[in-house]
Amino acid sequence: MLKQLTLLSITAALFTIGCKQAPKADKAKVTEPQAVQQEPHGHEYTLDKDASLLTWIGTKPTGEHKGVFKFTKGSFHANDTILTAGSLEIDMKSLQNLDLVKDAGMKKKLEDELNGPNFFDVEKYPTARFEITEVSGFHPGKETTEILLKDATHLVRGNLTLKDSTKNISFPAKIVISEKEINGEANFNIDRTQWGITYRADKSLQDKLINSMVNIRMNIKAKR
C-alpha cells in the first residue's frame, strides 16, 4: 500500500511539474457586467485594423499553442490625454494558429476544434465585443496589488462579450495618447470557463487537460 501511495504521489508531482502553465502575466479580475460610467466625449479615434492585433496563448500538459484574432472595428474617445470611452469588435472567424504552420494538417485540426461548438462556435457567434466601462490612471507604488505589465499607465475595466456571456474584466494597460493617434498595449490572463467554455478544463483529465487560463495580448492603434 505504501509503495502504491508513493507511486501515485510521484505521478501527481510529475504531472504538476510538467503541466505547461499560461505565460506569466497580470490576471484579469472578472466580475458581473458593469454600466458605462460616462458618455463618450472628446475627439474620436478610429481603430487601425491593419496595425492592431489580439494574440492568444493556450496551454496544456504537453505544450502550448499560439495564435491571433483580428478586429472587425473599434473606436475610442479621448479628451486631451484622458481616454473617456472605447469599444472593440473581434472577428472570431479570423482565428489563426501560428505555431503549426509547418504542419498544415495539425494546424487545420486545431483551428477547426477552436472554431467549433466546444470552444468559440464561430458560426453561431462570429464576433466578440469589448466595451470600456471605466479607465483610471495607474500610479506605481500606490496600488494594493503588484502589476506585472512593464510601464503600465492605466487600469482598464470593460465588458467582454464572448459567445452568449458577458463579464466585466479589469486589467493594466499601457496607453499613450497624442493629437493624432492612440497606442495601447495589454497583456493578461483570463479564465475561459468564466464565459462557459469548459471543454477539457477538468484537471482530472491529466494529459487531455487544456488549461482554463488563456493569455491575451492586445496591441491597439487608433487614429483621428
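The values are calculated or read from the model by the stated rules, or taken from the named source; none is laboratory data. In this text, all values refer to a predicted model and were calculated from it rather than measured experimentally. So basically every Cβ, Gly included, is an ideal-geometry build from the backbone, and we count neighbours across all protein chains shown.
Remark: pairs (first residue in the stretch 18-29, farther than 16 Å from residue 150 by Cβ; second residue modelled with pLDDT of 90 or more and in a loop (DSSP other than H, G, I, E, B); Cβ separation under 7 Å; 6+ apart in sequence or on different chains) = 21/211; 22/211. Considered as a group, the residues in the stretch 39-71 that are at pLDDT 95 or above and among the hydroxyl-bearing types (Ser, Thr, Tyr) include one that is surrounded by the most Cβ atoms within 10 Å (Cβ to Cβ), and that residue is 45.
The one condition from (1) modelled with pLDDT under 95; (2) within 15 Å of the chain's Cα centre (by Cα); (3) of a type in the set (Val, Ile, Thr) that residue 36 does not meet is (2).
Scanning the stretch 91-127 for residues that are closer than 22 Å to residue 198 by Cα, assigned to a loop (DSSP other than H, G, I, E, B) and charged (D, E, K, R) yields a count of 3.
Would you confirm, using the coordinates I've provided, whether residue 121 is of a type in the set (D, E, K, R) and within 25 Å of residue 185 (Cα to Cα)? No, not satisfied.
Under the condition of being aliphatic (A, V, I, L, M) and over 13 Å from the mean Cα position of the chain (by Cα), which residue from the stretch 39-69 is farthest from residue 155 (Cα to Cα)?
Quick first cut of the stretch 39-69, residues aliphatic (A, V, I, L, M) only: 47, 51, 53-54, 57, 68.
Now restrict to residues that are over 13 Å from the mean Cα position of the chain (by Cα): 47, 51.
Details: 47: 20, 51: 22 Å.
Looking at the filtered set, the residue picked out is 51.
Evaluate the following for residue 138: is it modelled with pLDDT under 95 and buried (at least 18 other Cβ atoms within 10 Å of the Cβ)? Yes; evaluated as a whole, the condition is true for this residue.
Close Cβ contacts (under 6 Å, 6 or more residues apart or on different chains) running from residues in the stretch 96-111 that are in contact (Cβ under 8 Å) with a residue 24 or more places away in the chain to residues that are surrounded by fewer than 15 Cβ atoms within 10 Å (Cβ to Cβ) comprise 96/68; 100/106.
Taking the stated definitions as given, is residue 123 of a type in the set (D, E, K, R), out of contact with any Phe, Trp or Tyr (no Cβ under 7 Å at 6 or more places or on another chain) and under 28 Å from residue 84 (Cα atoms)? Spell out how you get there, then give the answer.
Values: of a type in the set (D, E, K, R): yes; out of contact with any Phe, Trp or Tyr (no Cβ under 7 Å at 6 or more places or on another chain): yes; under 28 Å from residue 84 (Cα atoms): no.
Here the answer is no, as residue 123 does not meet what is asked.
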